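Structure in structure tokens, see below.
Values quoted throughout were computed directly from the atomic coordinates according to the rules given, and no laboratory measurement underlies them. All of these numbers come straight from a predicted model, not from anything done at the bench. All Cβ positions, glycine included, derive from the backbone under ideal geometry; neighbour counts span all protein chains shown.
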């Protein structure tokens, strides 16, 4: 992790038991946290849960939640999400799960279909979150 007081702070990816992944799980600049795309892999592995879009969506958002909380924020401080779907037809099913996690003040959001996602995932999401000052 880089600890320059005026520059970005890079948070490395936790181990998945294989070769290190070539990106940071998040980067913080001041009070803004930029979170890399999260797929629905089971924590500590590169394995997706069986069952398709519903369990993958639930796990992907749980993975996102774990990252923002690990770095001093929460889902209620997420201000922007970008959703990548392997099939845009999964948009309604993804929205059902999204509503379980995001309520009240909803983040700004974009959703699009991609021609392929890492590990054959059905969904990936990234976000930008506010990190409140520590008291």
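Sticking with the crude label model, points 7 Å out along Cα→Cβ, report the distance from residue 100 to residue 130 in nm, one decimal please.
Going by the 7 Å Cα→Cβ label model, 2.7 nm.
Going by alpha carbons, how many degrees (0 to 90, nearest 10) lie between the helix axis of 91-101 and the longest principal axis of the chain?
On a 0 to 90 degree scale, this one is about 40.
Another one. With contacts defined as alpha carbon pairs under 8 Å and 6 or more residues apart, what's the relative contact order of the stretch 45-125 in percent?
42 percent
As a check on your grasp of the helix formula, calculate [θ] at 222 nm for the chain: sum -39500 (n - 2.57) over DSSP H runs of n ≥ 4, divide by the residue count, round to the nearest 500.
-7000 deg cm²/dmol
Something else about it: Here are some values of P(r) over Cα pairs in 10 Å bins from 0, in percent: (i) 11, 41, 37, 10, 1; (ii) 12, 44, 33, 10, 1; (iii) 14, 46, 30, 8, 1, 0. Which one was computed from this structure?
Read-out from the structure maps to (ii).
Sticking with this structure for a sec: Note down the relative contact order for the chain as a percent, whole number, built from C-alpha pairs under 8 angstrom at least six residues apart. Write out the running numbers ahead of the final one.
Values: 256 pairs, mean separation 38.6, N = 135.
Reported relative contact order: 29 percent.
Can you sort 58, 122, 99 so the residue with the fewest Cβ neighbours within 10 Å comes first?
Result, fewest neighbours first: 99, 58, 122.
Which angle between 0 and 90 degrees, to the nearest 10, do you get for helix 53-70 versus the longest principal axis of the chain when only C-alpha atoms count?
10 degrees
Next up: For the stretch 45-125, what is the per residue volume of the convex hull drawn over the alpha-carbon atoms, in cubic angstrom?
Measuring per residue, one finds 89 Å³ for the Cα hull of the stretch 45-125.
Assuming R0 = 30 Å, can you tell me the calculated FRET efficiency for the pair residue 6 and residue 110, based on Cβ-Cβ distance, to the nearest 0.05?
The calculated FRET efficiency here is 0.50.
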